[in-house]
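The values are calculated or read from the model by the stated rules, or taken from the named source; none is laboratory data. Please read these numbers as outputs of a predicted model, since none were measured by experiment. Please note: Cβ atoms are built from the backbone with ideal geometry, for glycine as well, and neighbour counts cover all protein chains shown. For the accessible areas, the whole protein counts, side chains as well, though only heavy atoms, and no ligand, DNA or RNA atoms are used. Shrake-Rupley method; radii C 1.70, N 1.55, O 1.52, S 1.80 Å.
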Amino acid sequence: MTSGYGPALRFSRSFMTGWAPVMEREIHIERDGRRLPASLLLPRTAARRAPAGPRRPVPVWVVLHGITRSGRGHPYLVRFARAVASTGQAVLVPEIPEWRGIRLSTGATTSTVAASLEALEGRPELASRQVGLVGFSFGAPQVIIAAADPSLAGRIAGVVAFGGYCSVEESARFQFTGVHELDGREESLAPDPYARWVVGANYLDRIPGHESAGRVMEALRALAAYTGDNDLLATDPGMEPVRQRLARSLDAGERPLFEAMAPPTGSLPEPAVGARLAEGLGGVMAHIPELNPLPYLGRVTVPVRLLHGAGDQLFPYTQTIKLSRVFPAGADVTTTITGLFAHSSGRERTSLLHTTSEALRFLNALASIFRLM
């Protein structure tokens, strides 16, 4: 085990410059009877090793993408994976087709991790007995839940969660109001509507009174998919014509619900209607165990590293702070809130003082992560 600062510096250099001396290969994993593609990134020194002779196996990270059409090809994720591989460690990024399809499928997580581990076992140059798990966005609480699964016991060295959440109810309220709180202090931030569209596309018809909302749900799914298919942020003004077109495709009786879930670009839902929908969706999700990380935290026995962007507009940073506080006493958990990165909008602090202090904080977080392996 190293101090972690060497890999952290190499990661930072690669991530900032885009330069990474790595080899990229497409392999496949076998999950639930399906053959799924995965990206394997190797440091060139490992990729060129002779097959014979003693060698130290290369540590491996399995990285799960979030709910996004681009899946393992998301530009930020690709850059992250390449930067990790540039440190001398390997990265496997499996495709999760359900998540690419804008479906909040929780059943895919543990089976995908298990299939990834099985695929790694046939590669003796890789240290596949224990791997690190990394999850982004929706994938963040999912890797924490996976680490608690008895079927993966002894196979996970540590977990890293970027931009996740603690409470589905509080997250739903934020998505409709932009308000979040910590220790009784409220803050406001314009929420990225993407999360609201995704949640609505999956669970709107489970709210009593909205059982026939199927066409509205598909319109919301199409709206969310359009952002990924066209490399646009949900907050981009270019989304407004698409939103209007989808609204017109619905019957007159369906449009008010669609407009409540997807008001004009830059607008929040009408407060009273939004509050009812937030409560309904939060209540639905609260009863889906695999969406909620809290019941699983007591069974996570490996180190956990939580990171969150201070300007995150999908899930507010206060969610990660709250999550860190509910792990059992004595759990190996560290939390870093950084102003360097945001979840969706790219908001970041630019003053030299903030940049320097944030860079040091983030470097310490990276060192802690790389010490896991």
Legend entry - Distribution of pairwise C-alpha distances over segment 1-146, 5 Å bins, in %: 2, 10, 20, 23, 21, 14, 8, 3, 1, 0
Inset, instruction - State whether segment 185-254 is rounded, prolate or oblate according to the following rule on the C-alpha gyration tensor (a ≥ b ≥ c being the square roots of its eigenvalues): a/c under 1.5 gives rounded; otherwise a/b larger than b/c gives prolate, and the remaining case gives oblate. - result: oblate
Inset, instruction - Could you list which residues have their amide H under 5 Å from that of Gly339, counting only those 5 or more apart in sequence or on another chain, with H placed in the peptide plane? - result: Ala310
Legend entry - Cβ-placed point charges (K, R +1; D, E -1), dipole of segment 41-177 about Cα centre in debye, nearest 20: 680 debye
Inset, instruction - At most 16 other Cβ atoms within 10 Å and a DSSP loop assignment: could you name the chymotrypsin sites (Phe, Trp or Tyr not before Pro) in segment 1-47 that fit? - result: Trp19
Inset, instruction - Would you kindly state how much longer the chain becomes between Arg206 and Thr355 on full extension, computed as 0.36 nm times their sequence separation minus their alpha carbon distance, in nm to one decimal? - result: 49.2 nm
Legend entry - Over 18 Å [Cα-Cα, segment 226-273], rounded percent: 32 percent
Inset, instruction - Over the residues of the chain, compute the C-alpha Rg and express it relative to 2.2 N^0.38 Å. - result: 0.99
Inset, instruction - Could you state the orientation-averaged shadow area of the convex hull built on the Cα atoms of segment 196-310, in nm² to one decimal? - result: 9.2 nm²
Inset, instruction - Take the solvent-accessible surface of the protein heavy atoms, probe 1.4 Å, and return the percent of it on segment 23-169 that carbon and sulfur atoms account for. - result: 50 percent
Inset, instruction - Would you compute, from DSSP H runs of 4+ residues alone, the mean residue ellipticity of the chain at 222 nm, taking -39500 (n - 2.57) per run and dividing by the full residue count, rounded to the nearest 500? - result: -12500 deg cm²/dmol
Inset, instruction - Work out, step by step, the length gained on full extension between Thr301 and Glu240: first 0.36 nm times the residue separation, then minus their alpha carbon distance; give nm to one decimal. - result: 17.3 nm
Inset, instruction - With +1 on each Lys and Arg Cβ and -1 on each Asp and Glu Cβ, and nothing else charged, work out how big the dipole of segment 118-265 is about its Cα centre, in Debye to the nearest 20. - result: 220 debye
Inset, instruction - Treating each Cα of segment 254-322 as an identical point scatterer and ignoring solvent, apply the Debye formula and state log10 I(q)/I(0) at q = 0.21, 0.23, 0.24, 0.25 Å⁻¹. - result: -1.09, -1.16, -1.18, -1.20
Inset, instruction - Determine, for each peptide in 239-251, 69-81, the mean count of other beta carbons within 10 angstrom over its residues, then list the peptides with the highest first. - result: 69-81, 239-251
Legend entry - 1.4 Å probe accessible area per residue over the chain, in Å²: 43 Å²
Legend entry - Rounded to the nearest 20 debye, dipole of segment 255-323 from Cβ charges on Lys, Arg, Asp, Glu: 220 debye
Inset, instruction - Could you pull out every residue, at least 5 positions away or on a different chain, whose amide H is within less than 5 Å of the one on Gly132? Hs are placed 1.01 Å off N in the peptide plane, and Pro or chain starts have none. - result: Val60, Trp61, Val62, Ala157
